[in-house]
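Below is one structure, written out as structure tokens; the observations come after it.
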Number of protein chains: 2
Amino acid sequence: MNWTACDSSFDKARIITNGNKYMTGNGYMGYRGTLEEFGKEQLAAVTLAGVYDQAGERWREPVNAPNGLFTVLNCNGQRLSVLESEPLNHKQELDIRSAVHRRETIYRIPEGGELIFTAERFASMERLHVLAGRQTVQCTADCRITIETGIDSDVWDINGPHLQNKQEQFKDGVLLTSAITGELNLPVAVAELSVSGFGGLKLSKAGTLRRITFDAKAGETYEWFKYAAVYTGLDMEGDPEAAAEQAVQEAAEQGYLKLLQAQRRVWEERWSRCDCLIEGDEAAQFALRYSMYQLMIIAPTVSERVSIPARGLSGQVYKGAVFWDTEMFMLPFFLHCDPGVARNLMMYRIHTLDGARRKAAEYGYLGAFYAWESQDSGDDACTLFNVNDVYTGRPMRTYFRDKQVHISADVVHGIWQYILFTGDESLLIDGGAEVIWECARFFYSYAYYNPVKERYEILDVTGPDEYHERVNNNAFTNALVKETLEIALRCAEQLQNRHPVTFHELCAQFAGGPFLAEFQAMLEGLYIPQPDPDTLVIEQFDRYFKLEDVTLPELKSRVINKNEYWGGGNGLATTTRILKQADVVLMLNLFKSAFPKEVKQANWKFYEPRTEHGSSLSPCIYALVAADIGSPDWGYPYFMRTATVDLTGESKQYVGDLYIGGTHPAANGGAWMAAVLGFAGVQFDGQTIWLKPALPEHWQSIELPVTLRGDHYRLRVSRDEVIVTASAGNQEALGFAGYGGLVELCGPGTRLQLRFAKPAAAE
Amino acid sequence: MNWTACDSSFDKARIITNGNKYMTGNGYMGYRGTLEEFGKEQLAAVTLAGVYDQAGERWREPVNAPNGLFTVLNCNGQRLSVLESEPLNHKQELDIRSAVHRRETIYRIPEGGELIFTAERFASMERLHVLAGRQTVQCTADCRITIETGIDSDVWDINGPHLQNKQEQFKDGVLLTSAITGELNLPVAVAELSVSGFGGLKLSKAGTLRRITFDAKAGETYEWFKYAAVYTGLDMEGDPEAAAEQAVQEAAEQGYLKLLQAQRRVWEERWSRCDCLIEGDEAAQFALRYSMYQLMIIAPTVSERVSIPARGLSGQVYKGAVFWDTEMFMLPFFLHCDPGVARNLMMYRIHTLDGARRKAAEYGYLGAFYAWESQDSGDDACTLFNVNDVYTGRPMRTYFRDKQVHISADVVHGIWQYILFTGDESLLIDGGAEVIWECARFFYSYAYYNPVKERYEILDVTGPDEYHERVNNNAFTNALVKETLEIALRCAEQLQNRHPVTFHELCAQFAGGPFLAEFQAMLEGLYIPQPDPDTLVIEQFDRYFKLEDVTLPELKSRVINKNEYWGGGNGLATTTRILKQADVVLMLNLFKSAFPKEVKQANWKFYEPRTEHGSSLSPCIYALVAADIGSPDWGYPYFMRTATVDLTGESKQYVGDLYIGGTHPAANGGAWMAAVLGFAGVQFDGQTIWLKPALPEHWQSIELPVTLRGDHYRLRVSRDEVIVTASAGNQEALGFAGYGGLVELCGPGTRLQLRFAKPAAAE
């Protein structure tokens, strides 16, 4: 089975997209899929999770660390780099099974013969601060080779520079680059140690690079290992330099092969918890695995102070900020496959509650209004001007920061999903309940009461479809606000019943109100847009149906500048029914059991041709709902488009004149959702798992593990059979379930088998 | 004293602005100040009040009638026109005392000598359908002259053509052009009769033009008279052609001189009711009279089915639509000087109530939401796209139609002002009460209740300052809504006390509610933005103070295209504190007794440097409030700018790529307000007249007549004396008043004299 992404030629035009496609990482840092000789012009970057800096008045963004794996070769006085000499042969590949990147490049030696350079590297999942690499050179004719390797501290920055007072040292064979960030004065240290089997490397005059020159013999393989480590002031009270130095020394002592073995072991264990097997569709199989891979290399496995930014750890795009994407598009994967990461993600929201409180207060509201673009403190990194007008070059006012209020509901949704999936109520006690209630309080203060219609309304919001800003009663937002209120009440009930002391203490904090009584009143009176009785279509927001009903091709024909933004004040789409992304359909997917199939179908059919998919978050939702309404083949192209977004690199690179490239974790999570929650039809409400498979035509089966409330199950869905296998300790749950309990089958014509893995398992 | 506007040379560049400057009219029709030989290219137009037509999908606009005063001369085979031959001498003048237009042009005869052409004309105030003219030709050398005169039916249209099936007839010496409008099939007929003392004019082959050719003798004056009449299907059930024909026959029978005498008589009477005498400022004296003139030539003296459009009767700009300007900027003049016209203006709103009801229902509200751009039916002629983006050429969404809700409050304000000034409660019974209550119901349904702040708010509106659309709690709008609720309650009280039967009947109609109880509740809970305790500045709307505080010159320096619109989605001003026009200051002017001087001063000083005056409605308000706060000299330049706007032609001609030229009745009314309500300090609340003069430095005095509750008074305000003269029948009112009753003096250091015109009057 295929676990490898591969390019077997070098194409300058793909440097940037390959930087995304060949990403490695371990949640502590991301390492872009660049080649060893690349520098900042090629967007080489070691992006650190959760480390932010603001330079001057520019956008605050993540800090890129100096690149400790930098290496460039020189043969007979000629620099060897794919940027300068066309290679005879070039291969770049990524082993997603153990997150190892490899390149092999064959250069022609001008004086005759060939030189083969290989490099392998990974960001250690066992030692999160460590990058390890193995590089070799071999030639078919004797030649004189110079290796320059060390730390490239001339880092790529979009809104930098962020690293101040750069210091370079060489101590006990270790190269050390250290600096401090300009805004928070956080120390950042990178140590590097190179070990060669063919003679010690020596520090060059360049300061941060070692240089060794030797006469290479034809046929001989020269191999060296590189260890780099990154530490920042966020990791410790003490001295990051010492820690980095120690880390490379220890890594070198352990040795590359053992590090690699550990890497494989850890990754094997990770895959065992999530790998989905698709029978009948090799391309989908690989794309789905690749999507999970992208999620896993950026997931915070140990820190609850960071979450996953919209572009993962693939650089500084979107300010390294965490959006609603995390809860709504990535969290489901972790909930099913890695609840520990899910907990960290939600703890991040708890830790940033004060920032959300500050934002609410800034706008005159109560409670918590989460940042549209969240960084370390939870204060909003989103500006009021997010796109430049391509015609005038002027910043354009956008209503993301102040009007996309659904973010607070998304956070609550995520927390409650975590509670449902894990039963781990400690999250509520650790701050989750406070977040939930503060968000409910925010919405209570945001809502208005319409005295004529006798209902609460949510006015002046921007929904997921950002092409329509400042709308009233957005169906998605209102439904999410309703859920927030329901969760706020349910959370209170649950704490009161099971943790009365905690509940009592927390209540005191909210005694000033509005609190539960007001939430209840608002819940009862909240307006929720309903399906039109004739068409069954739910209006996306008040008066959406009054907008121009233009077709997407017609609207595209009106484009004057291909980079022009379709939203904002004068955007092409704003006065039409064309959507940026799924909005009502996304709501129907979130609350799928609340709507009959006919409603979902009618809305899919209505909104699908009107959706531009200007966001990578959009197509997967159409795939999910297509599966839900029993039309998986309508959804399959959307699934594939989503699952391959970082493989093809065919996503939007610009909005207005703003570069927005990078990886697409939300799409990665969306691909997983489409396959598992869509085609396999897995649905869990905290008590019962429903299986309502709808496999695309050429899929024979899909098989996957899930972790529900701490227990592991294996699900296999084929055209005529659903098999649920529980681990031995878990017999009871499964046994209890039968056909109406833990497992419930919704699809027609399929047969359910329940199995126990050990000792009872048998066909 | 000067009553004449005059140009003594011909300048092609001023053809369009002179068309405005030299306007004549009589409220039934406007005749642009063009020359006799001008056609549609020079924007010659006879614009009919209240006759609208829509051609295809284009904007609905007023109909221009064929021009029955068209004349062109030919001398020795050469066409004489200022457009083709440079005249030796040219004079165009307007006698505003009797609304008579004159031109005199001297052409060189190529064969030697000069030819003098004179033309005088007026739109009869006595016979509203009639235009009359006297034309002469004289030469200093014998020559052969051809006169072509008749009806030019090739009319100027912006969004035409509107006249279909044009028919031309010649019957009993009368030329007749008739047509029907495309949309409503209204017949439009123009008749023309020319009478010469030197031989009959004969119909030429051209069909609508008469042609006479004769050998002119040097020194002899050849004189002829023209009578044209316009009738439409709106004027009668029967045949407009016959009526037009009869009208010109009757006019000709009466003869030009008698018509002119009648014209002078009627105008003398009109001026006696309004002429303001300014001592010490000739320029201001003329500009103020000119402003009143412009108002009087477009005022509906007999019809209560039309009101005054934003560009008067100067053409089709702004669709010939009636805006809030009428109530807020023109009505005060008529209330003080011609209450009959004021009644017609307000009856127009009563007749268009159903259109306002339809608009409210269209947007899901109760009651009456008056048209932003009102035509004959009261349905809104305003589109959602009012300006084109100069960069892309695309229509730009503007929020005039759907968010400028203050229009309904402006209408209520106007009606109530009429009641206060005249005591004529019949207007309430004739529909005024219904309008008031329907507008209050509209606002009740538009408002939202904020449960946390426990108040009603008015959200998502555009105030007078159109550069800031879709704002919350606009100080102007909220104050006007409050006034509407107060008036609704006061109106009920007044009717209940004095017309209980009518009140009872009307109440039944509103029994379904919301009605008085709800108005009372909303009034008590309505949020009204208050002056900041420290700065005394009232925030124009929620979060206005958070906008960029850029200076006007700095903002101007950012302009890329001089015609770019500063408002709308991406407008330069929208994200700054720069205003299009007075907004808070206008509110302070409307409710001047509700705020102390310090508040008015603080707001004047704060907002004045931030106001672009992108509307001709703006400067007069700064003049008014400057006078109110005792700084008339701050206001004087704004007064002069307002009073001369149609004389200089220095107003905005384009917004985006939209032509918006024409006369400025709101500025004309604003000039009167600044002089009388501002500098003379006249303020009447229905019971007491306050006089709080604040004369500009070089004004010695201002003297004017006013009509209050049916009685005529003459006010003379000088630096040290205020004299109020009442007509004889009115002694009681004045006698009763003394210093604390009808007349109250607010200014310090002035002495009040009360006089009676007859028989008691004496110094």
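Tell me the Rg and the Dmax, in Å, that the Cα atoms of chain B produce.
Rg then Dmax for chain B, in Å: 26.8, 90.
What is the distance, in nm, between label points placed 7 Å from the Cα along the Cα-to-Cβ direction at residue B:507 and at residue A:543?
Going from the residue B:507 label point to the residue A:543 one covers 3.6 nm.
Viscosity 1.567 mPa s, temperature 4 °C: Stokes-Einstein D of region B:540-585 from its Kirkwood Cα radius, in µm² per second?
Rounded to a whole number, D works out at 115 µm²/s.
Quick one: Kirkwood hydrodynamic radius for the protein assembly as shown, alpha-carbon pairs, angstrom, one decimal?
Across the protein assembly as shown, the inverse of the average 1/r is 37.7 Å.
Dimensions of region B:311-373 along principal axes (Cα, Å, largest first)?
39, 25, 17
Based on alpha-carbon positions alone, could you give the equivalent ellipsoid semi-axes of region A:289-394 from the gyration tensor, as √(5λ), descending, whole Å?
26, 20, 10
Would you list which aspartates and glutamates come within 17 Å of residue A:692, measuring only between C-alpha atoms, while excluding same-chain residues fewer than 8 positions from it?
A:598, A:628, A:633, A:703, A:720, A:721, A:744
Take every Cα-Cα pair in region A:387-526 and report what % of them are more than 24 Å apart.
That tail contains 38 percent of the Cα-Cα pairs.
Over all pairs of distinct alpha carbons, what does the Kirkwood formula give as the hydrodynamic radius of region A:396-438, in Å?
This gives a value of 11.5 Å.
Evaluate the charge dipole of the protein assembly as shown about its Cα centre and quote only its size in Debye, nearest 20, assuming +1 on the Cβ of each Lys and Arg and -1 on the Cβ of each Asp and Glu.
That gives a dipole near 1000 debye.
Where does helix B:353-362 land angle-wise versus the long Cα axis of chain B, in degrees 0 to 90, nearest 10?
60
Once amide H atoms are built 1.01 Å from N in the peptide plane, which residues 5 or more positions from residue B:186, or in another chain, come under 5 Å H to H?
Close amide H contacts, sequence-distant or interchain: B:181.
Output ³J(HN,Hα) for region B:208-215: one whole-Hz value per residue in order, computed from phi by the Karplus curve 6.51 cos²θ - 1.76 cosθ + 1.60 with θ = phi - 60°, and x for Gly and Pro.
So the J values, rounded to whole Hz, are 9, 10, 8, 9, 10, 10, 8, 8.
Distances in nm, one decimal, shortest first, from residue B:220 to the same residue in every other copy, taking the label point 7 angstrom along Cα→Cβ.
Result, one decimal in nm: 12.7.
Could you list which residues have their amide H under 5 Å from that of residue B:216, counting only those 5 or more apart in sequence or on another chain, with H placed in the peptide plane?
Hits under the 5 Å cutoff: B:143, B:144, B:145.
Once the label point is placed 7 Å from Cα along Cβ, list for residue B:631 the distances to the corresponding points in the other copies, in nm, shortest first.
Label-point separations across copies, in nm and ascending: 6.7.
Which Rg and Dmax, in Å, describe the Cα atoms of region A:354-403?
Using the Cα atoms of region A:354-403, the pair Rg, Dmax is 12.6, 40 Å.
Taking a threshold of 22 Å on the Cα-Cα distance, which of the pairs A:580/B:562; B:453/B:605; B:12/B:556; B:40/B:319; B:580/B:605; A:403/B:546 fall above it?
As for pairs spanning more than 22 Å Cα to Cα, those are A:580/B:562; B:453/B:605; B:12/B:556.
With everything on Cα atoms, drop me the angle between helix A:619-628 and the longest principal axis of chain A, reported from 0 to 90° to the nearest 10.
50
Quick one: 3J(HN,Hα) in Hz for region A:683-698, Karplus 6.51/-1.76/1.60 with θ = phi - 60°, rounded, Gly and Pro as x.
9, 10, 10, x, 10, 10, 9, 9, 10, 9, x, 8, 7, x, 2, 9
Per the 1.4 Å probe, what fraction of the accessible area of region A:1-157, in percent, lies on carbon and sulfur atoms?
Here it works out to 42 percent.
Between chains B and A, what is the buried accessible area in Å², counting both sides, with a 1.4 Å probe and ligands, DNA and RNA left out, to the nearest 100?
Buried area between the two chains comes out at roughly 2900 Å².
With respect to the axis carrying A onto B, what is the closest chain A residue by Cβ position, and how many angstrom separate it from the axis?
Spelled out, residue of A and its Cβ distance from the axis onto B: A:569, 1.
For A:211, A:714, what's the largest-to-smallest order of accessible area, 1.4 Å probe?
Descending order: A:211, A:714.
For region B:331-390, run through the trypsin sites (Lys or Arg not before Pro) and keep only the ones in DSSP coil with at most 10 other Cβ atoms within 10 Å of their Cβ.
Of the trypsin sites (Lys or Arg not before Pro), not one in the loops of region B:331-390 has a Cβ with at most 10 other Cβ atoms within 10 Å.
Treat region B:498-564 as a sphere of radius equal to its Kirkwood radius over Cα pairs and apply Stokes-Einstein at 10 °C in a medium of 1.306 mPa s; give the translational diffusion coefficient in µm²/s, rounded to a whole number.
Estimated diffusion coefficient is 92 µm²/s.
Show me A:452-462, A:482-492 ranked by packing, highest mean number of other Cβ atoms within 10 Å first.
Averaged packing, sorted descending, gives the order A:482-492, A:452-462.
Region B:622-721: Rg/Rh from Cα coordinates, Kirkwood Rh?
1.06
Mind putting together the pair-distance distribution for region B:224-371? All Cα pairs, 5 Å bins, whole percent per bin, short to long.
Histogram of Cα-Cα distances, whole percents per bin: 2, 8, 12, 15, 17, 17, 13, 8, 5, 3, 1, 0, 0.
Hand me the tally of lysine pairs in region A:171-309: alpha carbons under 26 angstrom apart, and the pair either on different chains or 8 or more positions apart.
Lysine pairs, 8 or more places apart or on different chains, close enough: 10.
Relative to the longest principal Cα axis of chain B, at what angle does helix B:597-607 sit, 0 to 90 degrees, rounded to 10?
It works out to around 60 degrees.
Per residue, what volume in Å³ does the Cα convex hull of region A:132-280 take up?
That works out to 203 Å³ per residue.
Assuming 0.692 mPa s and 37 °C, estimate D for region A:79-175 with Stokes-Einstein, Rh taken as the Kirkwood radius over Cα pairs, in µm²/s.
201
What do you get for Rg/Rh over region A:556-608 if you use C-alpha atoms and the Kirkwood form of Rh?
With Rh from the inverse mean 1/r over Cα pairs, Rg/Rh is 1.13.
Two decimals, Cα atoms only, Kirkwood Rh: what is Rg/Rh over region B:237-300?
Taking Rh as the inverse mean 1/r over Cα pairs, Rg/Rh reads 1.17.
From Cα coordinates alone, what are the radius of gyration and Dmax values for region B:510-623 in angstrom?
Just the Cα atoms of region B:510-623 yield Rg and Dmax of 17.3, 57 Å.
Taking the Cα centre of region B:289-380 as origin, work out the dipole magnitude from +1 charges on Lys and Arg Cβ and -1 charges on Asp and Glu Cβ, in debye rounded to 20.
Here region B:289-380 has a charge dipole of around 140 debye.
Above 21 Å lies some portion of the pair distances; for region A:408-477, what is it as a whole percent of all C-alpha pairs?
When every Cα pair of region A:408-477 is considered, 40 percent fall beyond 21 Å.
Pairs of alpha-carbon atoms within less than 8 angstrom and 6+ residues apart define the contacts here; what relative contact order does chain A have, in percent?
Relative contact order, chain A: 11 percent.
Using the reciprocal of the averaged 1/r over all distinct C-alpha pairs, how large is the Kirkwood radius of region B:1-95 in Å?
Result for region B:1-95, one decimal place: 15.0 Å.
Within the protein assembly as shown, what percent of beta bridges assigned by DSSP are antiparallel, to the nearest 5?
90
Go through region B:506-516 residue by residue and turn each phi into a ³J(HN,Hα) via Karplus (6.51, -1.76, 1.60, θ = phi - 60°); whole Hz please, and just put x for glycine and proline.
Per-residue couplings from phi come out as 5, 4, 4, 5, 9, 4, x, x, x, 9, 4 Hz.
Of all accessible surface on region B:613-690 at a 1.4 Å probe, what whole percent is carbon and sulfur?
Ligands and nucleic acids excluded, carbon and sulfur give 53 percent.
Can you tell me the accessible area per residue over the protein assembly as shown, all protein chains present, probe 1.4 angstrom, in square angstrom?
35
Go through region A:562-589 and flag every residue whose accessible area shrinks by 40 Å² or more with all protein chains in place compared to the isolated chain (probe 1.4 Å).
A:570, A:575
Distances from residue B:561 to the same position in the other copies: list them in nm, one decimal, shortest first, using label points 7 Å from Cα along Cα→Cβ.
Its label point is 1.2 nm from the equivalent points in the other copies.
Once every DSSP H run of n ≥ 4 in chain B is given -39500 (n - 2.57) and the sum is divided by its residues, what mean residue ellipticity at 222 nm do you get, rounded to the nearest 500 deg cm²/dmol?
-9000 deg cm²/dmol
The values are calculated or read from the model by the stated rules, or taken from the named source; none is laboratory data. These numbers come from a predicted model, not from an experiment. Cβ sites come from the backbone with ideal geometry, for glycine too, and all protein chains shown count toward neighbours. Each accessible area value is taken on the protein alone, full model and side chains, heavy atoms only, with ligands, DNA and RNA left out. Shrake-Rupley method; radii C 1.70, N 1.55, O 1.52, S 1.80 Å.
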